Amino acid sequence: MKLSERLRVSREELVVLLKAADIPVLLMVLVHLTGDKRWIEAPYLPARDLAFFPDESGGLSDSIQDEIRSAACEALVAYYDGTLDVSPEPSEQLFARMMSVCVGEPFPPEYLTMVLEEMGLRDRDPPWSHQPSSAAVEGFKVLVIGAGMSGLCAAIKLQKANIPFTVVEKNPRVGGTWYENRYPGVGCDVPNHFYSYSFRPNMDWTEYFSSGEEIEEYFQTCSRESDVLDRIQFNTEAIKAEFDRDTSLWRVTLRVENGDIFTESANIVVFAGGQLNLPKYPDIEGLRSFAGLCFHTARWPENLSLRGKRVVVVGTGASAMQLAPTVANEVDRLTIFQRSAQWTIPTRDYHRTVSEEKKWFLNHVPFYAGWYRFSLIWRYSDRLLASVRRDPAWPHPQRSLNARNDRHRQVLTEYIKEELSERPDLLDKALPNYPPYGKRILVDNGWFKTLKRDNVEIITDPILRITSDSVVTTMGADYPADVIVLATGFQASQALGSVEISVKGGGSLNDVWGDDNPKAYLGMTVPGFPNLFFLYGPNTNLGHGGSIIFVAECQVRYVLAFVKRMLEEEIKGIECRQDAHDEYNERVDEEHSNLIWAHPGMNSWYRNKAGRIFSIMPWRLVDYWQFTREPNFDDFKIEK
């Protein structure tokens, strides 16, 4: 909120509202608002809390909490009355101290600026070095392919910078994966007060982990507020892009809904198709012979009712884990086919609604939303990376990678055993046999309770074939089905989708990457293909935590820095150098060799057929932020 805002709120109302406040966050508000540093000294120091979902009390006694609430009440009453002399912004040293106190552990100084950007206290956009000529701007155009989360981010930032652009989107609305995935129970497994743009936080999420429908509406709201909708061509699919070195322009072939084809020219193409947009269909004998409904979770039929149906779900990844608990009480029979069990973290907040009091704090208490976001960033980001790094001296490499990873395994194992204590027969099926975080870690939204239902069965025998009305396993068992739901993920390695990308008279990027080995410098640019940038490209997915929106913002800043320099200096072409590209990807592969996703025996969609990790980023978020903050133009060939 703006500090100039003033509300009419009584002391009595504040006393009631303050009962819902997060005490560590409230302490930071007190210091930030008043400058009084005693609130970051004993006896007000919150305890260190390693839980994913911390105790809102900060581990402080009731009397200390009451003292903090009372002081906050006085400060806020004075603030809303206009009688409080608001403290100047804390120094960087004080900010770092506050952050350490807030989370109860030392805060590394290299994170400070990154976090201040995420809190909305620093501008993330790259500055102009000087204003380009009107002629340079008017003759320039950026074409963004895709209006999902990352493409929309690019559009908003280009609009803000007054850089001419067009977005083409194959769907009729913005939202990308949140538009396409509409299966029951679809939602986010990153807290939404973090999974949102830093420049447009949402203070009114209904739940801490919001539904897909609400997330899609958030992106719709962002598109409306930023006034970019008239720059987006919906129901328009990019099918081919060719760069002409003679003109330094891309010619992009587009197909609209009625099948008509036309082309657009652009100086820069930003490919924002993402990694998770092409459904992956399993190769099962007889799949096409099934007489009932059979579909992928990302192609859920509109207005479908499963009431009284015998439903088979193939897969036990994130989609299945969200879907199954949602439909189990509606179907007659739910049969789940599992290839491998999933590690799952418990959460008290997954279906917890955000109270009106908490929304009030986020909307009306100065600095509260920023400090709350900081606390989520710290817990859901780089803290986990240490637990997925291989310790060469660790004596139990098959079950875990290091002592910390083993502790996580023990905690998660005990949780699963506790959840299935009434059904020990399910343990062998539900307990993973690989180290935690080796595959995407999931959030338990009632999965184990669902497995215990009388009308639910989980099958670990491989599927042999599908008949017109059943699924048959290699053991000869036959499972009748009215509906088959394929929760089988996406073709993440097909980073270009169906788009052909080439250089006139030169090579094809489709050939360079093949069917499963995409590589790019910083996940964004490729030698031989000038003026082309990828958002959410190779090795930019997150496996250890964090929000992919953060990555998108870093990438958009990077692209924007290049575009601004091209306009300022009237540059025609920017192309990544081969040596910079190769050296970077060697570092990526070397770093991955010490991380869990390359663990022997692991089989996940993060790896290609040769075993190379092509999807996941091996870096800390702060590392990638630093890599992309100030582009190194020495790594590029510049054509004027």
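The values are calculated or read from the model by the stated rules, or taken from the named source; none is laboratory data. Everything numeric in this text was worked out from a predicted model, so none of it was measured. Please note: Cβ atoms are built from the backbone with ideal geometry, for glycine as well, and neighbour counts cover all protein chains shown.
Values for this structure:
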{"item": "Extreme residue, surrounded by the fewest Cβ atoms within 10 Å (Cβ to Cβ), among residues of the stretch 386-412 that are more than 29 Å from Ile548 (Cα to Cα) and at pLDDT 90 or above", "result": "Pro395"}
{"item": "Residue in the stretch 461-483 that is within 30 Å of Arg348 (Cβ to Cβ) and not in a strand (DSSP E or B) present", "result": "no"}
{"item": "Any hit, the stretch 138-155, residues being part of a loop (DSSP other than H, G, I, E, B), of a type outside the set (A, V, I, L, M) and at pLDDT below 95", "result": "yes"}
{"item": "Flag if Met566 is part of a helix (DSSP H, G or I) and either buried (at least 20 other Cβ atoms within 10 Å of the Cβ) or of a type outside the set (Ser, Thr, Tyr) (or both)", "result": "yes"}
{"item": "In the stretch 586-638, the residues that are assigned to a loop (DSSP other than H, G, I, E, B) and in contact with a Leu (Cβ under 8 Å, 6 or more places away or on another chain)", "result": "His599, Met617, Pro618, Arg620"}
{"item": "Among the residues listed as Gly139, Gly146, Gly104, Gly120, the single one being within 17 Å of Trp39 (Cα to Cα) and surrounded by 12 or more Cβ atoms within 10 Å (Cβ to Cβ)", "result": "Gly104"}
{"item": "Those residues of the stretch 240-276 which are crowded, with 22+ Cβ neighbours inside 10 Å and touching an Asp or Glu at 6+ places or on another chain (Cβ under 9 Å), in sequence order", "result": "Ala241, Trp250, Val252"}
{"item": "Filter pass, Phe533 being at pLDDT 95 or above and within 28 Å of His193 (Cβ to Cβ)", "result": "no"}
{"item": "Residues (assigned to a helix (DSSP H, G or I) and free of Cβ contacts under 8 Å to residues at least 60 places away in the same chain) located in the stretch 106-137", "result": "Pro109, Leu112, Thr113, Leu116, Ser134, Ala135"}
{"item": "Every residue from the stretch 156-172 that is of a type outside the set (D, E, K, R) and part of a helix (DSSP H, G or I)", "result": "Ile156, Leu158, Gln159"}
{"item": "Residue satisfying all of: in the stretch 413-447; modelled with pLDDT under 95, in contact with a strand residue (DSSP E or B) (Cβ under 7 Å, 6 or more places away or on another chain) and not in a loop (DSSP other than H, G, I, E, B); farthest from Asp461 (Cα to Cα) among these", "result": "Val443"}
{"item": "From Asp382, Asp349, residue being in contact with a helix residue (DSSP H, G or I) (Cβ under 6 Å, 6 or more places away or on another chain) and acidic (Asp, Glu)", "result": "Asp382"}
{"item": "Residue count, the stretch 312-358 (criterion: within 14 Å of Cys188 (Cα to Cα) and among the aromatic types (Phe, Trp, Tyr))", "result": "1"}
{"item": "Residue match in the stretch 262-274 (condition: outside any strand (DSSP E or B), modelled with pLDDT under 95 and either under 24 Å from the mean Cα position of the chain (by Cα) or outside the structural domain of Val144 (by TED's automatic domain parsing) (or both))", "result": "yes"}
{"item": "Residues of the stretch 499-529 satisfying the condition of being touching a residue at least 40 places away in the same chain (Cβ under 8 Å), farther than 14 Å from Phe271 by Cα, among the polar types (S, T, N, Q) and not in a loop (DSSP other than H, G, I, E, B)", "result": "none"}
{"item": "Single unsatisfied condition, Gln342 versus (1) more than 30 Å from Arg8 (Cα to Cα); (2) out of contact with any Pro (no Cβ under 7 Å at 6 or more places or on another chain)", "result": "(2)"}
